[in-house]
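Beneath this line is the structure, given in structure tokens, with notes to follow.
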Amino acid sequence: MHKEIIEDPCNPWLLYRFAWVCNRMEKPADALEPAFAAWRIEPDNQWYLAEYIRALKNLEMYEELIGCGGYIRGGGVCRYYLAVAERELGVCPSPSVEYMLTASLCEDDSAAADACVWLVILLQDVIDADSVIVLVETAVTLQPDVLFYRCILAEKLAENGETERSRKLLHSMRLEGSTGYSYWRAIASLAEAEEDTDRHIWALRRARSDRICPESSRNLGWTLYFSGRDALREGNILLSRERLLEAANLGDSLETYVHKADSLLKLIYEFENSISCNY
């Protein structure tokens, strides 16, 4: 893709896609310039603007992000990023949150459902779990065909201990042939709520195979690390080594879970070497 951009530096779609990948790979500094260039070429394109302000958010350039507020139309992901910047800068009440609260009650089902989901992401740490579920249920009722909303509902139900409802919802999606990153994340949440470690790891592996990025690797890596650590405490060295090795190979040495997995592996190797030396 980088070669294609060099050959066609004024193609906004290529610039946007490159920025999209950089942002998902947690390299916002690399995303910033191409995202801005794409948006500058097509200033009415909200997706291009979203990638630019996503990079600003991840770089914690909140003042610059706030400065883009006048170019944001409607709700959606751009309004969400603006709300994050307002929160980080201590703007209270947040005009963007107020906007989404109003939008969640509007007659446009698509806009209302979108606003409900962004409110969940923004407010999930400050409102109770039942209110979170009500917001997502509203989004699903308004837009029942949107898989992403249903996956979020299944995930939140599992987190709230409503595992039977979560399971039924996920089963219905599976019968429809649903897969994808959000679906496997929801399956993982249900397995975690049911304390089914093997299925939790399996689902996170499926999520990572669908979207290989630092986030999916980190989710799987930490789960593997904790499972390997617990197996070691229980004396199951074979399982512990297997899961710690998988965790250690998922990311670079800067990742905390990789460092911790490597440390436990060294202890296992030292223990095994001491045993072999005694024989």
Task: Tally of residues being surrounded by fewer than 18 Cβ atoms within 10 Å (Cβ to Cβ) and either outside any helix (DSSP H, G or I) or over 19 Å from the mean Cα position of the chain (by Cα) (or both) across segment 133-161 - done: 8
Open item on the list: Here's a check for you: in segment 66-76, which residue that is part of a helix (DSSP H, G or I) and open to solvent by 50 Å² or more (accessible area, probe 1.4 Å) is farthest from Ala115 (Cα to Cα)?
Closed with: Gly67
TODO: Looking only at segment 122-129, decide whether some residue is assigned to a helix (DSSP H, G or I), under 23 Å from Lys168 (Cα atoms) and at pLDDT below 95.
DONE: yes
- [ ] Would you check which residues across segment 162-202 are open to solvent by 20 Å² or more (accessible area, probe 1.4 Å) and either among the polar types (S, T, N, Q) or on the phi > 0 side of the Ramachandran plot (or both) and list them?
- [x] Thr163, Ser172, Gly177, Thr179, Ser182, Glu195, Thr197
Task: Every residue from segment 40-65 that is open to solvent by less than 20 Å² (accessible area, probe 1.4 Å) and among the aromatic types (Phe, Trp, Tyr) - done: Tyr48
- [ ] Select, from Pro34, Pro28, the only residue that is touching a helix residue (DSSP H, G or I) at 6+ places or on another chain (Cβ under 6 Å), buried (at least 17 other Cβ atoms within 10 Å of the Cβ), of a type outside the set (A, V, I, L, M, F, W, C) and over 28 Å from Ile152 (Cα atoms).
- [x] Pro34
Open item on the list: Whether any residue in segment 38-52 is among the polar types (S, T, N, Q) and within 24 Å of Arg17 (Cα to Cα) is what I want to check.
Closed with: yes
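The values are calculated or read from the model by the stated rules, or taken from the named source; none is laboratory data. Keep in mind that what you see is a predicted model, and the values were worked out from it rather than measured. Neighbour counts run over all protein chains shown; Cβ positions are idealised from the backbone, glycine included. The area values use the complete protein model at the heavy-atom level, side chains included, leaving out ligands, DNA and RNA. Shrake-Rupley method; radii C 1.70, N 1.55, O 1.52, S 1.80 Å.
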